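What follows is a short report on a single structure.
Here, each number is a calculation from the coordinates, and none is a lab measurement. Being a predicted model, the structure only gives us computed values, none of them experimental. We place every Cβ from the backbone using ideal geometry, glycine too, and count neighbours over all the protein chains shown.
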Amino acid sequence: MQLIKLQVLVGKLVRREIKFQDGINIITNSEASGNHIGKSTALRVINFCLGSDGENIWNDPDSRTTSDSIKKFVTSGNVTFVLYMNISGTPYCIKRRIIEAHQKTRTVLKRYSWINGNEYDTNDKFQEALAPLLGFSIESPTYSAIKNRFVRIDKTTSHGTYRYLNVHTSDASYISYYSYIFGFAGHSELSREIQLSKEKKESESRIAMLLNGKTEQDYKDKLKSIDDDIEILNQKEDAYDFKDAQNEGITRLKHQRKLIAQVTSEIARLEIRMNYARRTIANYASKQSDLDVNMIEAIYAEAKSLVPNLSKSLEEVINFHDLVIRKKSEYVNQQLAEYTLDRESKQAELEALLREEKSLIKAIFTESHLGGFIVIEKELQDKREERGRASMIVDEIASEARKIKKLELIITKLRQNNQAHMSQLKTNVDVFNKECKEYTRALFKSFALSINVDTNSATNELEFSIVNQEKVAGDGAPRAAALAFDMAFVEYVKNVKEKLPQFTLQDHLEAADPDKIATLARIANKKKIQVVMAILSDKLQSLDQKFIDDNTVLWLKQSDKFFKI
């Protein structure tokens, strides 16, 4: 799958056109001043055609500023972006448009998309249609998680080799992503294993919350101690001297107290569950609120249907892990609501029982010596309530422990089954490493980078790592290494004939050393690796002018910016 041509149409007229070629495709400035002329915008437009929401076309994610003039132009309804691609030998034409629509109480952005003439009226529907064409999954891993391995336009992550997404992306998520990219035959089982491992960690977290710094045995010892106290109080109660006329009332009072203790215990259980639910929700909220602009994308994907005119710019859908966080938060919120209703119901029942208890006490409390009995009864009630709370914690811990054991058995079996697919996975990784080593050795001379994949000897857990990562040091080295990695992935896709992008988009290359950029540019041309790079011209100083002229697909300047406005 390669890029053929990008057009910006205003009405039916072509405002801007870029024709792509095999090898390097340079977008740069033709005058001394190369900032704010639309180099990065060109890449963001391509990314919009590949499924992003397009808002970073006018919202600069680096400076966090908005160009109102570009937004007005792009969302006027007259602008159409057209991307021509070749996918497995079949030509595809992708058209996308953003229109700002004014409604009674708000302004919304509507996106219209076409793939070879078939229309899709939402971004989600467009992604669902485009994903299988590009060889992507739409859910696990998410579309954007795999696409961003080939689209390097986020400044904060542009220097990453193995970790090419934001800092909040988990190790498990990367294992899933690389398993998918390298065509691991056991990917479905691996995805299930990762999900079950998350559930196991959640159960372990719940146990830690229930224990609250104590041990399970502490609570079991406490139950034994409470039982001893209750036994002594029951003996005192049985030995109490009552008049015959009061026996029936006392019997009824005892029964009432047991009912009260039972309901109180149920309320205590519900309150513990409510407290855990609140802490879980707060934890999910914390995970979301700490995210950067890219991470907030997950919330926007659904929030835009409710609040289309969100004030902050969002760039693209985040990974599956973040979607799970939101869905689980919604589920726990629903549980909390149910617990709250149950507690209100039990509280009403308790208040009715307490009123009946008060009536019974008033009926039998005719002699002063009954005061001692009431004290015993009150102590018994308190102890039963205390036992109910401790018992609930012990029962919940036992339940979570049983769940963990079941999950561990399933996880162990899944990992054992995936051992049979390791040879095939290593073979695919070796295809990538052949190219990666060649490119990075050309950069660093004394060493090369490669991906190592194996399983943990103790757990059979799949593990990926970068060999010689610690040797990448010095100004510009990490960004150059990241570009080499991305090029190696493109060549890997070509060699194994995977249905994934056979191009890479590259921005923020100014951090890389010019000599290293020149080295990789020559390799890209030699290998016919389609690389589209937006870069300042002074960073091309290590390339001769003929190479620059032959491989520049777009010259921009202050008087001729990307949109010509």
So the angle from the long Cα axis of helix 477-496 to the longest Cα principal axis of the chain, reported in degrees to the nearest 10, equals 80
Ranking Ile517, Val79, Ile411 by how far each Cα lies towards the positive end of the charge dipole of the chain (+1 on Lys and Arg Cβ, -1 on Asp and Glu Cβ), the top one is Val79
Ordered by number, the chymotrypsin sites (Phe, Trp or Tyr not before Pro) in the range 191-244 that occupy a DSSP loop and have at most 16 other Cβ atoms within 10 Å are Tyr240, Phe242
Only helices counted: for the chain, with every DSSP H run of 4 or more residues adding -39500 (n - 2.57) and the sum spread over all residues, [θ] at 222 nm is -19000 deg cm²/dmol
Once Glu438 and Tyr162 are pulled to full extension, the length gained, defined as 0.36 nm per residue separation minus their Cα-Cα distance, is 97.6 nm
Highest mean packing first, using Cβ neighbours within 10 angstrom, the peptides 54-66, 152-164 sort as 152-164, 54-66
Most packed first (mean Cβ within 10 Å per residue), the peptides 450-458, 198-206, 266-274 order as 266-274, 198-206, 450-458
Quick calc of log₁₀ I(q)/I(0), the chain, Debye, one scatterer on every Cα, no solvent, q values 0.07, 0.08, 0.11, 0.12 1/Å, result -0.56, -0.67, -1.02, -1.16
Quick note on Met533, Met85, ordering by fewest other C-beta atoms within 10 Å, gives Met85, Met533
In this structure, among Lys110/Lys327; Lys220/Lys405; Lys214/Lys258; Lys95/Lys471; Lys125/Lys155; Lys104/Lys147, pairs with alpha-carbon gaps over 32 Å are Lys95/Lys471; Lys104/Lys147
For the chain, the longest principal axis of the Cα atoms and the Cα long axis of helix 171-181 enclose an angle in degrees, to the nearest 10, of 40
To the nearest 20 debye, the chain has a Cα-centred charge dipole, built from +1 on Lys and Arg Cβ and -1 on Asp and Glu Cβ, of 2200
Longest principal axis of the chain (C-alpha) makes with the long axis of helix 244-289 (C-alpha) an angle, in degrees to the nearest 10, of 10
Between the residues Ser450, Trp555, Gly476, the Cα farthest towards the positive end of the dipole of the chain, that dipole coming from +1 and -1 charges on the beta-carbon of Lys, Arg, Asp and Glu, is from Trp555
If Thr504, Thr427 are placed from fewest to most neighbouring beta carbons inside 10 Å, the sequence is Thr427, Thr504
